[in-house]
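Single-structure report; data block below.
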Amino acid sequence: MAIAWLVCCVQLALPNFAKTRAVIESSIQSKAFPSATLLVWKDGKVLLHESFGHLTYERSSRKTDTLTLYDLASLTKPLAVTLSLMKFHSEGKIRLDDSLKTFLPQTANGGKENLTLKDLLLHQSGLIAFRRYYDCCSTETQVLSRIYSDTLIRRIGDTTIYSDLNFVLLGKVVEAISGKRLDQHFAETFATPLGLKNLMFVPPDSLSYRIAPTEVDTHWKFSFPRPKVHDPTAAMLGGISGNAGLFGNASDILRLLLPLLNGGTQDSLRFFTPETIRLFTTRDPKHNLRTLGWDMRTNSDKTSTGKYFSMNTFGHTGFTGTSVWIDPERNLCVIFLTNRVYPTSANRQILSVRRALHDAIIEDLEQQK
């Protein structure tokens, strides 16, 4: 009996993730970021969910915990917009070749007349990557007017240009289809049904003490208060945009992703069809660095997934130091949140840290076998 119990315990023992923890702790020591939260999910189980460091580098700063909220930056693109479009696709409300102008007639100019949802999702629209709207606009209406009237800098489909404008527009498509503001649609479609209390746009001031600080904005020149979001375009749009604006913690992000990991359902609710999941998470044959609304692991030795994740891995990174990667072959999801832009976004150590971290996770998992 004692031997059988011991064998059972060995089988159920979890990896200690010593290498993984060492990567994060040494990164904090080298000031790659002041704080981090890591969640590792595999085969239906959370194997590690832990926070490290303090919200800032000051000794008196609040210690990070798993309830700390991070500015998710471009993780907003897949988590709020792509998932919404996947749900619409599963319900037959959209097709990938639907024209942008069908939903936003005011965009039918500047060469955008034939833009499709697929073009925007794959970042093959030909739109410019980014504009400094705070230099030329003073209101949300002016920013949107500039984006709607923007002219393509490349022919549609010729080039991959990772553009925030693509997802600002797709966020507005979600609003046009749902008839609701993006934050309201996200809350009603995902946050409330899945019980997500820590994933939101425009977090209230009452939660400020839990938010990991980001870079101080020295460009804001307007009379109205700056929204909390780090991204300047999202800030100009009131903190609610398709390219950035979500704040959250790792456990709620995982819960949001569980329908993807469970074939489209969670808590007896159907969010996506398996066919839509396959369509949106399969590498595009032409623009093979991406799938629809998601990034994919590359062959480059600089890929943030490291060298062990499979080539079918999809996910996304965020400028503030956040990332989500899902390896369907390993049935593995890794959520890594930091505030690496505090106090300055000039700090780019996160690029090498991500590679080292994901390698360490796989090595720790393999060591357990």
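Key figures for this structure:
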item: Segments classed as strands (runs of 3 or more DSSP E), wholly inside segment 301-369, with at least 1 members that are among the charged types (D, E, K, R); result: 322-327
item: Cross-chain or 6+ apart pairs with Cβ under 7 Å, segment 67-85 first and assigned to a loop (DSSP other than H, G, I, E, B), then of a type outside the set (S, T, N, Q) and open to solvent by 10 Å² or more (accessible area, probe 1.4 Å); result: Leu67/Arg210; Thr68/Arg210
item: Conditions (1) more than 30 Å from Leu144 (Cβ to Cβ); (2) surrounded by 19 or more Cβ atoms within 10 Å (Cβ to Cβ); (3) touching a helix residue (DSSP H, G or I) at 6+ places or on another chain (Cβ under 9 Å); number of the one not met by Val46; result: (2)
item: Ala346 vs. criteria modelled with pLDDT of 95 or more, of a type in the set (A, V, I, L, M, F, W, C), open to solvent by 60 Å² or more (accessible area, probe 1.4 Å) and more than 14 Å from Pro78 (Cα to Cα); result: yes
item: Lone qualifier among Phe190, Phe272 - being open to solvent by less than 30 Å² (accessible area, probe 1.4 Å), closer than 25 Å to Arg95 by Cα, in contact (Cβ under 8 Å) with a residue 60 or more places away in the chain and in a helix (DSSP H, G or I); result: Phe190
item: Qualifying residues in segment 160-187 (those that are without any contact (Cβ under 8 Å) to a residue 60 or more places away in the chain and either in contact with a Pro (Cβ under 8 Å, 6 or more places away or on another chain) or small (Gly, Ala, Ser) (or both)) - the one least open to solvent (accessible area, probe 1.4 Å); result: Ser163
item: Cross-chain or 6+ apart pairs with Cβ under 8 Å, segment 208-235 first and open to solvent by 70 Å² or more (accessible area, probe 1.4 Å), then among the β-branched types (Val, Ile, Thr); result: Lys228/Val202; Lys228/Ile211
item: Pick from segment 302-324, criterion open to solvent by 10 Å² or more (accessible area, probe 1.4 Å) and hydrophobic (A, V, I, L, M, F, W, C), ranking: farthest from Glu363 (Cα to Cα); result: Phe319
item: Test: residue in segment 80-99 that is surrounded by fewer than 16 Cβ atoms within 10 Å (Cβ to Cβ) and over 30 Å from Leu196 (Cβ atoms); result: yes
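Yes/no per residue for (1) β-branched (Val, Ile, Thr); (2) out of contact with any strand residue (DSSP E or B) (no Cβ under 6 Å at 6 or more places or on another chain); (3) over 18 Å from Ile161 (Cα atoms):
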| position | (1), (2), (3) |
| --- | --- |
| Phe272 | no, yes, yes |
| Arg278 | no, yes, yes |
| Thr303 | yes, yes, no |
| Asn312 | no, yes, yes |
| His316 | no, no, no |
| Ser323 | no, no, yes |
| Arg330 | no, yes, yes |
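Conditions (1) of a type in the set (Gly, Ala, Ser); (2) without any contact (Cβ under 8 Å) to a residue 60 or more places away in the chain; (3) surrounded by 14 or more Cβ atoms within 10 Å (Cβ to Cβ); (4) in a helix (DSSP H, G or I), marked per residue:
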{"site": "His123", "(1), (2), (3), (4)": "no, no, yes, no"}
{"site": "Ile128", "(1), (2), (3), (4)": "no, yes, yes, no"}
{"site": "Cys137", "(1), (2), (3), (4)": "no, no, yes, no"}
{"site": "Gln142", "(1), (2), (3), (4)": "no, yes, no, yes"}
{"site": "Ile147", "(1), (2), (3), (4)": "no, yes, yes, yes"}
{"site": "Leu152", "(1), (2), (3), (4)": "no, yes, yes, no"}
{"site": "Asp158", "(1), (2), (3), (4)": "no, yes, no, no"}
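The values are calculated or read from the model by the stated rules, or taken from the named source; none is laboratory data. In this text the structure is predicted, and so the values were computed from the model without any measurement. So basically every Cβ, Gly included, is an ideal-geometry build from the backbone, and we count neighbours across all protein chains shown. Just the protein is used for accessible areas: all its heavy atoms, side chains included, with ligands, DNA and RNA removed. Shrake-Rupley method; radii C 1.70, N 1.55, O 1.52, S 1.80 Å.
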